[in-house]
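Taking it in order: structure first as structure tokens, then the write-up.
Values in this text are rule-based calculations from the coordinates and carry no lab data. Predicted, not measured: the structure shown is a model, and the values here were computed from it. Cβ coordinates were reconstructed from backbone atoms using ideal geometry, including for glycine residues, and neighbour counts include every protein chain displayed.
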Amino acid sequence: MKKILLSLLFVSTAVVFTNTSKAQVRVGVSINIGEQPEWGPAGYDYAEYYYMPDIEAYYSIPRHQFVYLSGNRWIFASSLPPMYSHYNLYTGYKIVLRERDAYRHFNDHRVRYGKYRGRYNQQVIIVNHHDNGNHYGQYKNNGKGRGRGRH
């Protein structure tokens, strides 16, 4: 009888640990293809925000909300405010951002992407949150290893 109980305990413990490990693996995969709005740029498997330089506002894809500055506060809302009613989401230029809380880097985005204001020929830019400007070897001096890149 003890052998049967021990066997059942062992099997049930193994099943619990197996299901737990499968759940942990699934959590680590980040794909939000189905969550992106129909007016968003196509061809990306993951994005956190779109930055729209024409109106200096963001769209948070995971939250399905627009993010814009009102006074000195960031507003999260399901629609744009009336002052942006003229903006066409389908034709306006959008920069794809993969960084969390992208609006916290607004001053940088405003300067970096201001040149895209008024453009309607969608050339999408991806900004990866790990891009720190060191591109590992791209600036090496003719293979002599004296450039600015890391080895």
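The residues neighbouring TYR51, those whose beta-carbon lies less than 14 Å from its own, together hold a net charge of +3 under the Lys/Arg +1, Asp/Glu -1 convention.
At a Förster radius of 22 Å, what calculated FRET efficiency corresponds to the Cβ-Cβ distance of TRP74 and ARG119, to the nearest 0.05? For TRP74 and ARG119, the calculated efficiency is 0.35.
Between amide H atoms placed 1.01 Å from N, distances below 5 Å from GLN65 occur with SER60, all of them 5 or more places distant or on a separate chain. Dipole size of the range 33-127 about its Cα centre, with +1 on Lys/Arg Cβ and -1 on Asp/Glu Cβ: approximately 320 debye, rounded to the nearest 20.
Near the amide H of GLN36, within less than 5 Å, lie no amide hydrogens of residues on another chain or at least 5 residues away, with H placed in the peptide plane.
Scalar couplings 3J(HN,Hα) for the range 106-111, obtained by applying the Karplus form with A = 6.51, B = -1.76, C = 1.60 to θ = phi - 60°, are 3, 4, 5, 5, 4, 6 Hz; x denotes Gly and Pro.
Taking Cβ atoms as reference points and 13 Å as the exclusive limit, the residues near VAL111 contribute a net charge of +2, counting Lys and Arg as +1 and Asp and Glu as -1. The mean of 1/r over all pairs of different alpha-carbon atoms in the range 33-127, once inverted, gives a Kirkwood hydrodynamic radius of 13.3 Å.
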